[in-house]
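Notes follow the structure.
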Amino acid sequence: MSEAENYLASVRESLVKRDPQQPEFLEAVDNFFHTITPVLDKHPEYIKANLIERLIEPERAFQFRVPWVDDRGQVQVNRGFRVQFNGAIGPYKGGLRFHPSVNLSIVKFLGFEQVFKNSLTGLPIGGGKGGSDFNPKGRSDGEVMRFCQSFMTELQRHIGPDIDVPAGDIGVGGREIGYLYGQYRRLRGYQAGVLTGKGLSYGGSLARTEATGFGLLYYTQALLASQDEQLSGKKIKVSGTGNVAIYAIQKAAKLGATVLTASDSNGFVYDPNGIDYKVVQQIKEVERGRIKDYADRVETAEYHEGSVWDFDVDYDIALPCATQNEIDGGRAARIAQNGAAVVNCGSNMPCTPEAVEIFHSQKVLLGPAKAANAGGVAVSALEMSQNDERLSWTFDEVDERLQVIMHDIFAESEKAAKEYGFGNDYLAGANIAGFKKIADAMLAQGVI
C-alpha cells in the first residue's frame, strides 16, 4: 500500500475503536476515504500534519436533556444534540433535525457531510448539525412550542451569529424555527442572524423555503448539460414529500420535466400526467396529512404502499429526497434496469455504499447530496448576509445567486474528479473539491 493508503487505514482503525456504535458516521467517513487517496498522494503535507484524523473528529459536541410539559400536564424528556464539526472557513452552519431516529451517530454523520457541502458553496461557512429525538408529528402547536423553548434554553449557550447558525431540517419547519427564534430573542435579545429559515417578517430570506428543491434541479440541469442533454422532456421519480421534494417537483415541472411520483413513510403516489406540487403542498404543509390523500383528489393518480423505488416504470432521472439509505443495492439495480441514467441526491446519504457501487458499474451518473442538495445552506448563508446588511433581496435576486452557486458546485466537482482521475465520479469530485479548501484553511491556521 502507498503511504496515503496506510495512513487512511490507520486513521480508520483508530476511529472504529473510538466509535464502534456509530454506523451512520462510519459510513460517511468511509465514503469520504474511498475518494481521497490521490489527494493525499499529491499533498503529503496533509499526512504530515495528521490532517485527516483532525478532520474526522468534531471540534466539539453537546448532548443535553430537554424537559417539557405535554398537553396533559405530563413532564416529557428528550435528548438534544449539537455537533460543531469544523469551523476553519467560517461559523458553524447546519440544520436541526427533530425525529425519533436522531442520535449522536446521525448528527455526526450529518455534520461531517455538512462540512464539505458548505465548503462547496464557496461561501464562508463551516459545518455543524444538531437536533433531538423529539417527534413533532401528532403534537399540538402548544406542545411543539414548549419543546422548542426548552430546547433553545440550552442551545442558546452555544450559538450566535458569528459562532454557530442553525437552520431547519427534517421535522423543523417554519413553525419550529419561529418558536426557537422567539425563545432565543427572549433570552439573548434580537440577533436576526442566529437562525436561518426564519419567517419573512423577522429576518428571513425570500426563496429560502424553495432553495434545496430548486437547487437540486439546478444541479441536475448542470449535470445534464455536461452530457449534452437537457431537462425538458425528461421523466423523473421523486421520493419524499417534505420541503425538498415539494419544491423539486415544482421546479422540475417549470423546467419542462414530468415528475411521476411522490412518497411518504407509508407509500407513494404515481401520476403519469405529472405530480401537481400544489396538491402535495396542501396535503403535507397545510393539512399535515398523508400522501395517499393525493390519489383521492387527482383522478389520474394511483396510490401504492411501500417504497417508490420498488415500483417499475420507465423514467430518466431519480431524485431521492426522503431519508438516508433509502436506496440499497437491490433498489439501485432496479433503478438502472428501469432506464434511469441520473440519480441526484436531495436527501442526505440516501444511497448505501453498495448502491453507489452499482450505479458506478452500470454507468448511472450520481450527484452526491453534499453537492446536489447544497442549495438550502447556500441560501441560508445568503440570508445571513442580508441580516448582516439589514437588507432584503428580491426572490429573483436570491434565485439567480442560487442558480449560479449550484452550477459552480457542479463545475468544481467535475473539474476535481477529472483532475484526480475519477472521470464522471461526481461523489469523488465533490469530496475532493470540498476537502481541499478546508484542508488548506486548517494548515494555514496551525494545529487547532
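The table below gives the values:
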quantity	calculated
The chain: most fluctuating residue of GLU176, GLU305, GLU154 per GNM, C-alpha cutoff 10 Å	GLU305
Where only C-alpha atoms are counted, convex hull volume of the chain per residue in Å³	138 Å³
Mean ellipticity per residue at 222 nm, deg cm²/dmol - from DSSP H runs of n ≥ 4 across the chain, formula -39500 (n - 2.57)	-15000 deg cm²/dmol
Difference of contour (0.36 nm per residue) and Cα-Cα distance, GLN445 to LEU187	89.5 nm
J(HN,Hα) series, region 145-156, from Karplus relation 6.51 cos²θ - 1.76 cosθ + 1.60, nearest Hz, glycine and proline x	4, 5, 5, 4, 5, 5, 4, 6, 4, 8, 4, 4
Candidates GLY87, GLY367, GLY138, ranked by Gaussian network fluctuation over the chain, Cα under 10 Å, top entry	GLY138
Whole-number percent relative contact order across the chain, with pairs defined as alpha carbons under 8 Å at least 6 apart	15 percent
Cα centroid of region 380-448 to Cα centroid of region 287-354, whole Å	27 Å
Normalised contact order of region 211-367, rounded percent, pairs of Cα under 8 Å and 6 or more residues apart	21 percent
Cβ-placed point charges (K, R +1; D, E -1), dipole of region 60-191 about Cα centre in debye, nearest 20	160 debye
Anchor LYS108: lysines whose Cα lies under 20 Å away (excluding residues fewer than 8 positions away in-chain)	LYS17, LYS93, LYS117, LYS129, LYS370
Neighbour-count ranking [beta-carbon atoms within 10 angstrom, fewest first] of GLU3, GLU27	GLU3, GLU27
Among beta bridges that DSSP assigns inside the chain, antiparallel share in %, nearest 5	50 percent
Stretchable slack from PHE395 to ASP314, in nm (0.36 nm times residue separation minus alpha-carbon distance)	25.7 nm
Most mobile of LYS137, LYS117, LYS235 in a GNM of the chain (Cα contacts under 10 Å)	LYS137
Selection from ILE405, THR352, GLY160, by position along the positive dipole direction of the chain (Cβ)	GLY160
Compactness index (Cα Rg / 2.2 N^0.38 Å), region 211-367	0.95
Charge dipole (debye, nearest 20) of the chain; +1 at Cβ of Lys and Arg, -1 at Cβ of Asp and Glu	1280 debye
Residue exposure sequence - MET406, MET349 - by fewest surrounding Cβ within 10 Å	MET349, MET406
Label-zone membership for region 340-360, site LYS137, 7 angstrom Cα→C-beta point, backbone N under 14 Å	none
Sequence of ILE283, ILE448 once ranked by neighbouring C-beta atoms within 10 Å, starting from the fewest	ILE448, ILE283
Nearest-20 debye value, region 211-367 charge dipole, Cβ charges on Lys, Arg, Asp, Glu	380 debye
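Just so you know, all these numbers are worked out from the coordinates, no wet-lab data involved. Keep in mind that this is a model prediction, so the values were computed, not measured. Note: ideal-geometry Cβ built from the backbone for every residue, glycine included; neighbour counts use all protein chains shown.
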